[in-house]
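Below you'll find the structure, written out as structure tokens, and then a few comments.
The values are calculated or read from the model by the stated rules, or taken from the named source; none is laboratory data. If you're wondering where the values come from, they're calculated on a predicted model, not measured in any experiment. For neighbour counting, all protein chains shown are included, and Cβ atoms are generated from backbone atoms with ideal geometry for every residue, glycine included.
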Amino acid sequence: MSKIKFGVIGQGHIGKRHAEMIRRNPECELVAICDFLPHEELGLGDFKEHFYSSIDELLENHPEIQVICVCTPNGLHAEHALKILETNKHVVVEKPMALSKADCEKVIHTALDHNKTVFCVMQNRYSPPSVWLKEIVTNKTIGDIYMVQLNCYWNRDDRYYKARGWKGTQDLDGGTLFTQFSHWIDIMYWLFGDVKNIQAKFADFNHQLSTAFEDSGFISFDFVNGGMGSINYSTAVWDKNLESSLTIIGSKGSVKVGGQYMDQIESCNIKDYTMPALDATNPANDYGAYKGSANNHHNVIENVVDTINGNNKITTNALEGLKVVDIIERIYELRPETVLKNK
């Protein structure tokens, strides 16, 4: 079987990771990469692929490409995905899928029109604790869901928000929940479904000069499927990430998965149940001064290949990507103007 031909647009930290995972996969061929910055400024080292400074050039010169990964700033994801789909290629779009539900719907409609697939990157679904949680919730091992608490306390300071960069801007970043914590909101949605009756409180403790939005929030809601939940988050933590944790109270027991990246089983107390041994979780993506979510992008690329070849189903489809954006958008509708600034 011939290799699946890929392109990657955006060569920041995540774009480089996509490119490297494609290079390492024996069933893939990376044909071209793209970034508006000159390749000499991107720290790419030696590379053999074609390099372009615009997506239009890449699309025009390489009709043979079958899949393109969109690793550009958040606010450009929908625009770039639409352009790629119009040329009859599949799309792998980094989180978030877009910055509005309406833009997600445009992407989905265009994909259907062109009979192409949109793969949404939510790589934390592959982490062993996440897979285990999915099993005990789906099988009702933990019983009916009573309460869920998601805590996301990370550090993002001036080492992260560079002067004149896109991160921290309202139009290209979109907000803390979109850029930092949409992976964890995806896990929550994947496990427990949609939410309603949202209430929220926001604050901006120490990002007045670096972002156009809040750095912290308390969110409470009910799950449509039963039970209630909360999200407590902040990027105002000093120096390094504190935790990403999920606590579940069910009718048959309780569990807590914690650690800096939701990678440790801190508690499991379920009626007539013995906790199994889990595989080790991959380390977090390391960006030097700060760290992100688990390094599972090789699983994402493998799933793209298997799905296109008809050997597996998509891990995170476009409707799921839309629902994460929808939940964040509904939360942010409650955000007061006092935590929004012009930057």
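Here are the numbers:
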quantity	calculated
Residue under evaluation Glu40, criteria (1) at pLDDT 95 or above; (2) in a helix (DSSP H, G or I), criterion not met	(1)
Residues that are of a type in the set (A, V, I, L, M), more than 22 Å from the chain's Cα centre (by Cα) and in a strand (DSSP E or B), drawn from the stretch 201-234	Ala203, Met228
Counted residues, the stretch 43-82 - those being assigned to a strand (DSSP E or B) and not hydrophobic (A, V, I, L, M, F, W, C)	2
Residue list for the stretch 113-170, filter: closer than 30 Å to Gly250 by Cβ and of a type in the set (A, V, I, L, M)	Val121, Met122, Val131, Leu133, Ile136, Val137, Ile142, Ile145, Met147, Val148, Leu150
Matching option when the condition is free of Cβ contacts under 8 Å to residues at least 24 places away in the same chain and either touching a helix residue (DSSP H, G or I) at 6+ places or on another chain (Cβ under 6 Å) or outside the structural domain of His13 (by TED's automatic domain parsing) (or both), among Asn155, Asn139	Asn139
Condition met for Glu105 (assigned to a loop (DSSP other than H, G, I, E, B) and touching a residue at least 40 places away in the same chain (Cβ under 8 Å))	no
Filter pass, Leu191 being assigned by TED's automatic domain parsing to the domain that holds Ile327, under 22 Å from the mean Cα position of the chain (by Cα), touching a residue at least 40 places away in the same chain (Cβ under 8 Å) and outside any loop (DSSP other than H, G, I, E, B)	yes
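Residue-by-condition table, conditions (1) among the polar types (S, T, N, Q); (2) surrounded by fewer than 23 Cβ atoms within 10 Å (Cβ to Cβ):
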{"residue": "Phe192", "(1), (2)": "no, yes"}
{"residue": "Asn197", "(1), (2)": "yes, yes"}
{"residue": "Asp204", "(1), (2)": "no, yes"}
{"residue": "Gly217", "(1), (2)": "no, no"}
{"residue": "Phe223", "(1), (2)": "no, yes"}
